[in-house]
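The values are calculated or read from the model by the stated rules, or taken from the named source; none is laboratory data. Given the structure is predicted, the values throughout are model-derived calculations rather than measurements. Note that each Cβ is placed from the backbone with ideal geometry, even for glycine, and that neighbours are counted across all protein chains shown. Surface accessibility is based on the protein's heavy atoms, side chains included, excluding ligands, DNA and RNA. Shrake-Rupley method; radii C 1.70, N 1.55, O 1.52, S 1.80 Å.
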Amino acid sequence: MTPEQIKLVQASFAKVTPISEQAAVIFYDRLFEIAPAVKAMFPADMTEQRKKLMATLAVVVNGLSNLESVLPAASALARRHVAYGAKPAHYPVVGGALLWTLEKGLGDAWTPDVAAAWIAAYGTLSGYMISEAYGSIQAAE
Ligand code: HEM
């Protein structure tokens with residue numbers, strides 16, 4: 001990611017923060033629409049889950065400018081996800097739901113540059129999480 005892309009991700013995420021609960025609802029609705037089988041992996045009451053997701057995204061987004069500071073937490077998060085039943089192939093699906101949510105939440109502020117910056121950010125994070133949790137061989141499957 002370029003420094004400009006980091007700024008774009010941080011500035012656009014800041015715009016979503018005031019509607020963070022709503023964004024999380026949109027995100028999980030979209031995720032369960034495009035990947036219905038994933039729904040059974042989550043608790044029935046998603047209230048806490050929504051808060052945890054948005055809080056974690058905030059930490060990661062803030063940490064982009066100092067990536068090393070967030071890598072240990074991202075690695076631990078990835079390893080916990082193995083126990084949740086997450087597979088490498090789920091990561092692009094989650095990424096798709098995230099981008100879709102940002103596009104809806106940001107409206108006109110969702111520009112091609114912002115989209116490219118988020119694709120780079122999610123690619124970096126999910127690639128790292130997959131290799132930490134499954135190793136590079138499984139990650140390619
Ligand atoms: C970068 C991507 C992701 C982020 C930032 C993220 C974030 C989180 C966070 C913060 C939690 C709360 C529990 C914890 O901290 O351990 C969580 C739980 C969970 N995540 Fe993810 N997640 C990601 C990708 C995925 C993927 C790809 C799946 C696969 C379907 C997934 C499925 C789950 C499930 C099922 C739980 C709930 C576990 C439970 O409470 O029983 N997540 N996620």
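Details
- Rg and Dmax over the alpha-carbon atoms of the range 30-133 stand at 13.8, 38 Å.
- Accessible surface of the range 3-42, 1.4 Å probe, proportion on carbon and sulfur as whole %: 63
- Estimated vicinal HN-Hα couplings, Hz - the range 53-69 in sequence order (Karplus 6.51, -1.76, 1.60; Gly, Pro = x): 4, 5, 5, 5, 4, 4, 5, 5, 4, 5, x, 4, 6, 9, 3, 4, 5
- Total charge dipole magnitude, the chain, about the Cα centre, Cβ charges on Lys, Arg, Asp, Glu only, Debye to nearest 20: 280
- Dipole moment magnitude, nearest 20 debye, the range 47-96 about Cα centre, only Lys, Arg, Asp, Glu C-beta charged: 200
- For the chain, the solvent-accessible area of protein heavy atoms averages 56 Å² per residue (probe radius 1.4 Å; ligands and nucleic acids excluded).
- Taking the Cα centre of the range 60-141 as origin and assigning +1 to Lys and Arg Cβ atoms and -1 to Asp and Glu Cβ atoms, the resulting dipole is close to 300 debye.
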